[in-house]
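Take a look at the structure set out below.
Derivation of every value follows stated rules applied to the coordinates shown; laboratory data play no part. Every value quoted in this text rests on a predicted model; they were computed, and no experiment measured them. Every residue, glycine as well, gets a Cβ built from its backbone with ideal geometry; the counts of neighbours run over all protein chains shown.
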Amino acid sequence: MPVLPGALRRVRRRPGLLGALLALLALAWLALTVSRGLEKPADWHRVLLLTAHPDDEVMFFAPVVHALSSRTEVFGLCLSEGNADGLGAVRREELKQAYSVLGVDEKRVWSTDDPHLQDGMKVQWDPLYIANIVEQHIQRIGGKLDAIITFDARGVSGHANHVALHAAAPHLSAPVYALRTLPLALKYLGLPSALLRHLSSTLAQDGARRFLSSPLEYVRTLLAMRKHASQLVWFRYLYVLASAHMWSAVLDLVARPMPQ
Ligand SMILES: [Zn+2]
């Protein structure tokens, strides 16, 4: 017989559970209301999202892209095609389609297939080489950027290619903002963890830029992830459902170029 009426009966028998659910929803609503009005950086007009592999832009940066894509010129540069399993050509197309779902025109999205920047946990990327490639790209897209957004020193997952992007930050010609990696204990607690981090960063007034997806934007994140069909193995479904990084992002300024 229908599952839903049974679940509703269980909730009715446990008013404490219903109250907790309502409180959580109210908290989410409050956080969203505060964040959406105050957190979008009005001073960013041209921004480059620098990633290592197709799917990074969804799994880690989607809350940022949602917030920026409607009012900021967002460019995507992915320094590999994620060819560790020989799927580079497929993943290159998936990258463009996923960005498109996130609201970024695929004409502003590039990936590279450079022999020095191949996908792999054990492949070390040279920060100066990365900086050179990124600077060439910045010139190609018209020069001056207000921000480059990339990983922090822990790279969210600790992947060596993510960490290498952060190491290139001091050598870049625009202010670099890094995605703050959540501690492992909080990373996979989904929306409650995302809300907690967002609110604690807000209360701390730590100078960070905070982004929190609305429920509708989260649905778009899931739709964008579906474009990465080649990557949707069982454990990635678990990540998508559990990771707080799918809901929220906190960016810290980690490098500012020296005045010329
Ligand atoms: Zn990656």
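Structure notes:
- Cβ-defined net charge surrounding Asn83, 10 Å radius [Lys, Arg +1; Asp, Glu -1]: -2
- The Cβ shell under 13 Å around Lys96 holds other residues with a net charge of -2, Lys and Arg each +1, Asp and Glu each -1.
- Region 71-160: C-alpha gyration tensor shape, a/c 1.5 cut-off, then a/b vs b/c: oblate
- Positive-end extreme of charge dipole, the chain - chosen from Trp44, Ile130, Ala255 (charges on Cβ): Trp44
- In this entry, region 27-250 is assigned a mean projected area of 11.2 nm², taken as a quarter of its C-alpha convex hull surface.
- Protection-proxy order for peptides 197-204, 89-96, 245-252, 66-73, each taking the mean of Cβ atoms within 10 Å per residue, highest first: 245-252, 89-96, 66-73, 197-204
- Rg(Cα)/(2.2 N^0.38 Å) for region 64-103, N = residue count: 1.33
- Counting only DSSP beta bridges whose two residues both lie in the chain, roughly 35 percent are antiparallel.
- For region 236-249, putting each phi into the Karplus relation 6.51 cos²θ - 1.76 cosθ + 1.60 with θ = phi - 60° gives couplings of 6, 4, 4, 4, 4, 7, 9, 6, 5, 5, 6, 9, 9, 9 Hz, in residue order, rounded to whole numbers and with x for Gly and Pro.
- For Phe151, the residues 5 or more places off, or on other chains, whose built amide H falls under 5 Å of its own are His166, Leu179.
- Relative exposure of Thr51, Thr181, judged by other C-beta atoms within 10 Å (fewest first): Thr181, Thr51
- C-alpha center-to-center spacing [region 151-179, region 195-236] in angstrom: 19 Å
- Net charge of neighbours whose Cβ lies under 11 Å from the Cβ of Leu145, counting Lys and Arg as +1 and Asp and Glu as -1: -1
- As computed over region 130-212, the Cα convex hull volume per residue (Å³): 108 Å³
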